[in-house]
Every structure is written in structure tokens, then in C-alpha cells.
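The values are calculated or read from the model by the stated rules, or taken from the named source; none is laboratory data. Since we're looking at a predicted model, the values are computed, not measured. So basically every Cβ, Gly included, is an ideal-geometry build from the backbone, and we count neighbours across all protein chains shown. Surface areas here come from the heavy atoms of the whole protein model, side chains and all, with no ligands, DNA or RNA. Shrake-Rupley method; radii C 1.70, N 1.55, O 1.52, S 1.80 Å.
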Amino acid sequence: MSFTLIGKHEKDKRSCRDGYVQAMLELMEADKSVVHVDCDLMGCINTKKLLAAYPDRTINAGIAEANAMGIAAGLTATGKKTWIHSFGCFASRRAFDQAFMSAAYAKLGVKVLGSDPGVCAAYNGGTHMPFEDCALYMSVPDAIVIDPVDYAQVYALTKKLTAVEGRLSYMRMIRKGFTTVYADGSDFEIGKGVTLKESAEDQATIIASGIMVDESLKAYEALEAEGIKVRVIDMFTWKPIDEELIIKSAKETGAIVTAENHNCTVGLGAAVTRVLAQNCPTPVEMVGVHDQFGQVGAQNFLQEAYKLTAEEVVANVKKVIARK
């Protein structure tokens with residue numbers, strides 16, 4: 001694993017979906033077994049480019065997500081390396097039984113891509129706002145669950161997940177409007193967190209993923225200005241989670257704050273606290289959605305409404321340090 005941190009809190013002119021499409025174009029050119037299945041959302045995710053280049057391996061299954069998952073499982077059973085995409089709410093809730101039974105139970109390595117996770121669904125509203133998508137897939141035995149942050153991470157992990165056989169995987173993805181954290185060419189290892197900031201004087205560790213990585217880097221800067229040192233980790237793999245890094249950070253800093261664009265009672269926060277409860281009991285505070293439904297609004301409004309902000313991370317860091 002090698003990466004270059006940019007972390008300037010700047011929006012990228014590209015979209016994360018472009019990272020997926022570019023990786024898939026390269027994969028499909030090199031390997032005739034790579035296939036993409038979509039649920040009538042090719043315009044939303046730019047996979048019309050795949051259809052134009054590889055019409056025999058790009059399938060539109062229509063607005064029928066459960067059926068599409070069955071198609072993806074069937075293709076995988078014939079030796080194809082199959083990706084299936086829909087909005088995160090449908091890629092999880094709507095097609096979960098087929099993902100569990102037709103793919104995971106049969107040990108078929110279908111790769112599921114769920115776009116517009118959490119508050120990134122924005123104006124699509126509460127019906128399309130998945131705060132529980134990762135939780136569903138984390139409940140599947142031997143599954144892989146990924147929450148990437150930007151173009152570079154999506155591009156790298158699309159290639160890494162395509163090479164995984166026999167294990168169902170789920171990667172949620174911001175479609176557009178993301179903040180760049182990593183430089184192009186950065187590489188990542190599934191199941192290993194990325195330590196972005198650390199020092200010998202760290203008083204707490206922030207463990208974040210997705211859109212909350214940049215918020216956590218902002219929080220790091222605000223805390224540093226107050227003389228409070230913290231460690232920042234991008235835990236993009238929720239399952240299998242990097243237990244070694246979590247335990248190490250807990251022992252060295254003595255306090256943990258998790259930050260996620262998801263229901264934290266069943267997401268990253270829950271996964272981290274399970275590791276700590278079993279191995280190294282440590283004070284923990286969670287920044288995330290607390291047992292709530294979604295709603296309609298701009299993403300910045302929604303982040304404020306659900307307290308998915310750098311300010312909330314700062315407040316929870318101070319709170320957890322006080323508990324040490």
C-alpha cells in the first residue's frame with residue numbers, strides 16, 4: 001500500500017463514478033471475463049461509456065434490482081467477474097435476499113456497487129438515502145464492505161475488488177461532488193486502514209471513512225490550532241476491519257472517535273467498538289447518524305442536520321479525551 005495525501009479540502013472537477021468507469025474500461029480491455037450489470041442508471045454513473053466500448057459485456061437489467069442481482073450471480077457462476085450497480089438503497093435493501101442467497105451463500109464473488117450513500121443522496125430524499133446499506137452487507141458471512149472517499153481510492157479499489165474471487169463484496173460510492181484526499185496513483189490494501197496523521201503526543205484517534213475523512217482532517221487542523229494532538233485514520237474497509245491498527249491506536253492514544261456517513265449504531269462505530277470491547281476496552285464517541293431516517297435537502301444542509309461535520313468531530317474528540 002502506498003498513497004500520497006493531498007488533503008487541501010478542495011473539490012475535484014472529476015466524479016468518483018469516473019474513477020470506477022476508468023478502472024472498468026482498463027479491466028474490460030485486459031480481461032474478457034469482466035462484466036458490468038446496471039439497473040437503468042447508466043446515465044447517472046457514466047457507464048454508457050462501457051456500453052459503447054463493450055456492448056456484449058455491459059448489461060442493462062432495468063429497474064429490477066433483485067433480478068439484476070440474480071443475473072450477476074448467474075454470470076459469475078459461469079466464470080465472469082461481475083459488477084452490479086444501483087443506488088445504494090436499492091443495491092442493499094431491494095436486492096439483499098438475492099445477494100445473500102444467490103451470490104454469497106453460493107460463494108460467488110459478485111461485486112456490488114451502491115452509489116449515493118447516506119446524505120450524498122441529497123435531493124433524492126429519504127427513500128433513496130441509505131444509512132444502513134453497509135450494515136446489511138456486513139451481516140453476510142465472509143463479505144467485503146468498502147466505503148471509499150475519492151476518485152483515486154475508487155479507481156484503485158475497483159481493480160482490487162475485481163481480483164477477489166468467491167466472496168461477495170459491497171462498495172458504496174459518492175457519485176460526484178467529492179473532496180479530494182488522495183493523489184492519483186495511490187494504492188490501497190483491502191482490510192488495512194490508512195494512517196493519515198499521527199504523532200507521539202496524540203491524545204485520541206479519529207477513525208473515519210468516506211466523506212467523513214475530509215471532515216476529520218479539518219477537525220485535526222482545528223484541534224491542532226488549540227494544541228490538541230490527534231491521530232487520523234481512514235478505515236475505508238469496514239469488513240474485514242483492520243483490528244490490529246484499531247488496537248494499536250487505542251493503546252497508544254487511549255481514546256477513539258469514529259466518524260461515518262451511516263447509522264453508527266450498526267456501522268463503522270459499531271464495528272470499531274466490537275474490536276475494542278473484545279481486545280482493549282477504550283472510551284469511544286461516535287459521529288454519525290443516530291437511528292434516524294433520511295430526508296430531502298442539499299448535502300451541506302444534510303451534513304449539518306445529521307451533525308456530520310468537522311465541528312462535531314472536534315466536540316466529540318474533546319468529550320472522549322475528558323473521559324480518559
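Accessible surface computed residue by residue for the chain, with neighbouring protein chains in place and a 1.4 Å probe, gives 39 Å² per residue. If you add up the charges near G118, with Lys and Arg at +1 and Asp and Glu at -1, over every other residue whose beta carbon is less than 13 angstrom from its beta carbon, what do you get? So the environment of G118 carries a net charge of -3. With respect to the chain, whose longest principal axis is taken over its alpha-carbon atoms, helix 310-322 is tilted by about 50°. Roughly how many Å is it from the Cα centre of the stretch 264-324 to that of the stretch 1-65, as a whole number? Computed from Cα coordinates, the inter-centre distance equals 30 Å. Could you work out how far helix 65-77 tilts from the main Cα principal axis of the chain, as a 0 to 90 degree angle to the nearest 10? For helix 65-77, the angle is close to 80 degrees. Rank A66, A200, A270 by mean-square fluctuation in a GNM of the chain with C-alpha springs under 10 angstrom and give only the top-ranked residue. Maximum fluctuation in the GNM of the chain, among the listed residues, is at A200.
The antiparallel fraction among DSSP beta bridges confined to the chain stands at about 20%. Across the accessible surface of the stretch 52-211, with the other protein chains kept in place and a 1.4 Å probe, carbon and sulfur atoms take up 53 percent. Decide, for the stretch 38-156, between rounded, prolate and oblate: order the square roots of the alpha carbon gyration tensor eigenvalues as a ≥ b ≥ c, take rounded if a/c falls under 1.5, and otherwise choose prolate if a/b is larger than b/c, else oblate. It comes out rounded by the Cα gyration axes.
Dividing the summed helix terms, -39500 (n - 2.57) for each DSSP H run of n ≥ 4, by the number of residues in the chain produces a 222 nm estimate of -10500 deg cm²/dmol to the nearest 500. For the stretch 232-298, the share of accessible area belonging to carbon and sulfur comes to 54 percent (1.4 Å probe, ligands and nucleic acids excluded). Ignoring lysines fewer than eight residues from K8 along the same chain, the ones with Cα atoms less than 29 angstrom from its Cα are K159, K160, K176, K192, K197, K218, K229, K239, K248, K307, K318, K319. Charged neighbours of G267, selected by a Cβ distance under 13 Å, balance to -2 (K, R count +1; D, E count -1). Between helix 243-253 and the chain there is an angle of about 20 degrees, using the helix long axis and the longest principal axis of the Cα atoms. Using the charge dipole of the chain (Lys, Arg: +1 at Cβ; Asp, Glu: -1 at Cβ; taken about the Cα centre), state which of T253, S169, V296 has its Cα farthest towards the positive end. Towards the positive end, the residue furthest out is S169.
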